[in-house]
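Here, each number is a calculation from the coordinates, and none is a lab measurement. Keep in mind that this is a model prediction, so the values were computed, not measured. Cβ coordinates were reconstructed from backbone atoms using ideal geometry, including for glycine residues, and neighbour counts include every protein chain displayed.
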Amino acid sequence: MREIFEATIERLFADLATPAYVMGCEGGEWPAELWSALDESGFTLAGVSEALGGAEASWADMYVLVRAAGRFSVPAPLGEALFANWLLSKAGLEGRAGALSIAAHTDLVLEGERVYGTAYSVPWGRNVEAIVAIANSATGVAHVVLLARSAASELTLSLNVAGEPRDDLGFTSAQVLAHAALPEGFDANVLELGGAMLRSAQIAGALHALLDMTANYAGERKQFGKAIGSFQAIQQQLAVFAEQAAAAGIAAESAFVESRCGLAALTIAAAKISTAEAASVGAGFAHSVHGAIGFTEEYPLHLHTRRLWAWRSEFGSASLWSQRLGAQVCQGGSEGYWPLLTQHGQQSLTCLVSNPA
């Protein structure tokens, strides 16, 4: 399934998500043609169980979809829709076609069938048809809720540094489209954890695209009669860049692969830390090699670098996840350190045996 996903999504994005198209969507313009193609393909329902209308793909399969979205700077919430539908399915709710996003940070309260509160920094909040969020009930039980964007009584528009919408949606007695208690094994931070996993894959994809662009430029740009890529200083930067891109890809893919039976919190935290740090290094080297042309609006380098700068801090910065990872390690003490590392690998193996691809 993974090979089919990868070949299809790469072809779709290569045809539609061109640099010119992506630039035209900056500032909040909705990519109607691109999203229509994604919707028709059924990709957004890939992680939904077959009984609820999906393909029941694993996160290992869906990794190539999210990575490709990062590689092509896709101006749409593909990853968010994948995760939203996956969580709905885990909660026993039907998947939903159409534009869907997630709200990781909210103060939502569920009272009966109605929701009160605000969902903050919702990716493409102004454009999507519905959002998935976590709301606390009066009994203290967290619920997965599906809310129509049109039910929001207040909309505060905002953009990240890449020109992607990150909007606040306020709800006052909004009727929920569907809701269910948070599945066993998940906590109220599930959307932040899932968002961190998504961003790690997008960063990995963007880094590889940026590395290719930078290496090609270094081979074509001539100075003093020869390509700048032949200079030792440039070669050193490209070598370090390649190391960072490779490490980011491995970390991100590991997070997806180990999330077969649930979300592998430890591995996701490590992936977000690794990819965020690689984003800083890679973007810096790319602009250093390109020089002044890399800062022009016409040259597409900024499509990758501005997204790397934005994505590295979304759904938790490297500092935040480092603190959480450190706290988890310290909690177990020296005796618990090795079991903490090995239990994740054992859980992944158990999932692989019980749920073969």
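Structure values in brief
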item	result
10 Å-binned pair-distance histogram of segment 1-181 (Cα, whole percent)	10, 37, 35, 16, 2, 0
Cleavage-rule hits, GluC sites (Glu not before Pro), segment 80-177, DSSP coil, Cβ neighbours within 10 Å at most 13	Glu113
Total charge dipole magnitude, the chain, about the Cα centre, Cβ charges on Lys, Arg, Asp, Glu only, Debye to nearest 20	800 debye
Segment 235-292 versus segment 147-202: alpha-carbon centroid distance in Å	25 Å
Using alpha-carbon coordinates, inclination of helix 190-220 to the longest axis of the chain, degrees	10 degrees
Rough spin-label spacing in nm, given labels placed 7 Å along Cα→Cβ, for Asp39 and Gln223	4.8 nm
Helix-derived mean residue ellipticity, 222 nm - over the chain, DSSP H n ≥ 4, -39500 (n - 2.57), to 500	-18000 deg cm²/dmol
Cα gyration tensor, segment 80-180 - rounded (a/c under 1.5), prolate or oblate	oblate
Charge tally in the Cβ shell below 12 Å around Leu45, where Lys, Arg are +1 and Asp, Glu are -1, Leu45 excluded	-4
Efficiency of FRET between Asn216 and Val329 - r from beta-carbon atoms, R0 30 angstrom, step 0.05	0.15
Folded to 0 to 90 degrees: helix 265-290 orientation relative to the chain principal axis, Cα	30 degrees
Rounded to 10°, Cα long-axis angle of helix 2-16 versus longest principal axis of the chain	70 degrees
Loop-located GluC sites (Glu not before Pro) in segment 239-326, at most 15 other Cβ atoms within 10 Å (DSSP)	Glu297, Glu298
Two-site label geometry, Glu297 and Glu113: point separation in nm, points 7 Å out along Cα→Cβ	4.9 nm
Dimensionless Rg over Rh [the chain; C-alpha; Kirkwood]	0.98
